[in-house]
Amino acid sequence: MIRPISISLSPNTEPDDVWLAFRLLFQPWRWKREYGVFSTAVENTPQQLEQEFARCLGVKCAFAFNSGRSALLAILDSLGFEKGSEILLQAFTCNAVPNPVMWTGLRPVYVDCNEDDFNIDVEDLRRKVTPKSRAVIVQHTFGLPANMDRVMELCSKYNLVLIEDCAHALGAAYKGKQVGTFGKAAFFSFSRDKVISSVYGGTVITNDGILAEKLRAFQKTADYPSASWVAQQLLHPPALNWKILPTYRVLGKYVLVAFQVLHVLSKAVHWKEKRGMRPGYFPKRMPNALALLAIRQLEKLERFNEHRKKIARQYYKALAGTSFELPKSFEERENIFLRFTVKHPKAHEIIQNAWAQNLLLGDWYTSPVAPDDTRLEAVQYKKESCPKAEKLAKITLNLPTHINITAKHADQIIQFLKSAG
């Protein structure tokens, strides 16, 4: 098997997505702004994305940016907290969450997570609230909603602003209500391995009119990313699907590394972010070309999530009674299973053995703040401050559920796990 079964290398792209990105590579007049050089017709695709996204979530306002980081930056800047204010967020997360907090002059305070749902531990959250606390960022990890009743009760008691991190959870619901619609604002990511993907991209949603005005003002002050940056993202789907993945085991993996080193393709996380620093392409507006990719993917959302649930059911059935601890289900929470996360004492060893067999299973998260080469002190995480998150980082591995994983692929993964566990 030369082409890998992969969890993260352009997982959502279907042939029409790849061809759209390829065509856009040769239409640079459509890359950044909402109008073309060779046409009198106005093409305001980012605005169309905002309208369709707001309609999808049933909210009043949505604002598109070039990433989830930019979207979170917009929220924090628009809320206008005084410098040094504390923003509570969970460990067992990506540096894409604490970094915007620090870039806004605020202080991230890490809260431990629950071992059963990987989401914020409300009791630890209660313990870590101080007079300087201003907001809570609630992450719906791997597509499983957090316990929003308890979170909202605590936010109300301590007068904390609730921000939802829905990067993993577009389409998930808590007691029949979509995640992202509980707090003052929420942000979503369209990164390359999220629920829908435009390689980079993200949105903010809110029903708060005053906050919406500030978010729009922030968006207008942000520039578009450079043409070279947009080209990097447009090249990603065709390069991965036509060159890198088909030859991955023999040549493709080396081509991928070379393209990233030469800046032909971008990395998901810039090295500066691993040191708490901000790359120059945050915050930026959503460029027209990536908005076109996002709209195409948004049209597929329901089908994508139904497929994820179908593959998850296959994992549940086949891995029941094995040495792997499976995700817990909660009656009131609708999990979309961005990834199917299991626990095993030898998780890291199993991941390494799987990669050797061209099964590129996931390692979200092998550190309380991922990626694992993030300097924890640079993102203000204190070791042993969140023991459950640190434990989970040692014993979890993710199985793919995306649209390009067939039942046959899932069965190959299951057979490998049964032999490895």
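The values are calculated or read from the model by the stated rules, or taken from the named source; none is laboratory data. Since this is a predicted model, take the numbers as computed values, not measurements. Positions of Cβ are generated from backbone atoms using ideal geometry, with glycine treated the same way; all protein chains shown enter the neighbour counts.
Scanning the range 315-348 for residues that are in contact (Cβ under 8 Å) with a residue 40 or more places away in the chain and over 24 Å from the mean Cα position of the chain (by Cα) yields a total of 7.
Pairing residues of the range 382-394 that are modelled with pLDDT of 95 or more with residues that are surrounded by 16 or more Cβ atoms within 10 Å (Cβ to Cβ) and of a type in the set (Ser, Thr, Tyr), at Cβ distances under 6 Å and at least 6 apart in sequence or on separate chains, gives Ser385/Tyr110; Cys386/Tyr110; Ala393/Tyr365; Ala393/Thr366; Ala393/Ser367. Residue pairs whose Cβ atoms lie under 8 Å apart, separated by 6 or more positions or on different chains, with the first residue in the range 46-61 and more than 12 Å from Ala186 (Cα to Cα) and in contact (Cβ under 8 Å) with a residue 12 or more places away in the chain and the second assigned to a helix (DSSP H, G or I) and among the small types (Gly, Ala, Ser), are Pro46/Ala291; Gln48/Ala291; Leu49/Ala291; Leu49/Ala294; Lys60/Ala54; Lys60/Gly209; Lys60/Ala212.
From the list Val136, Val122, Val151, Val161, exactly one residue is at pLDDT 95 or above and either crowded, with 24+ Cβ neighbours inside 10 Å or closer than 30 Å to Ala21 by Cα (or both). Which is it? Talk me through it step by step, then tell me what you get.
Values: Val122 fails: either crowded, with 24+ Cβ neighbours inside 10 Å or closer than 30 Å to Ala21 by Cα (or both); Val151 fails: either crowded, with 24+ Cβ neighbours inside 10 Å or closer than 30 Å to Ala21 by Cα (or both); Val161 fails: either crowded, with 24+ Cβ neighbours inside 10 Å or closer than 30 Å to Ala21 by Cα (or both).
Only one candidate qualifies: Val136.
Against the criterion of being part of a helix (DSSP H, G or I), crowded, with 21+ Cβ neighbours inside 10 Å and modelled with pLDDT of 95 or more, Ile413 qualifies. The set of residues in the range 363-384 being crowded, with 21+ Cβ neighbours inside 10 Å and not in a helix (DSSP H, G or I) consists of Asp363, Trp364, Tyr365, Ser367, Pro368, Val369, Thr374, Tyr381. Among the residues of the range 395-420, those identified as more than 22 Å from Asp117 (Cβ to Cβ), more than 21 Å from the chain's Cα centre (by Cα) and touching a residue at least 60 places away in the same chain (Cβ under 8 Å) are Ala407, His409, Ala410, Asp411, Gln412, Ile413, Ile414, Phe416, Lys418, Ala420. Pro100 fulfils the conditions (1) in a loop (DSSP other than H, G, I, E, B); (2) crowded, with 24+ Cβ neighbours inside 10 Å except for a single criterion, (1).
Residue-by-condition table, conditions (1) within 25 Å of Trp29 (Cα to Cα); (2) buried (at least 16 other Cβ atoms within 10 Å of the Cβ); (3) among the β-branched types (Val, Ile, Thr):
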site: Val261; (1), (2), (3): no, no, yes
site: Glu273; (1), (2), (3): no, yes, no
site: Glu302; (1), (2), (3): no, no, no
site: Gln314; (1), (2), (3): no, yes, no
site: Lys317; (1), (2), (3): no, no, no
site: Ser323; (1), (2), (3): no, no, no
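For the range 227-259, filtering for residues that are without any contact (Cβ under 8 Å) to a residue 60 or more places away in the chain, closer than 20 Å to Ile2 by Cβ, surrounded by 19 or more Cβ atoms within 10 Å (Cβ to Cβ) and touching a Ser or Thr at 6+ places or on another chain (Cβ under 9 Å) leaves 1.
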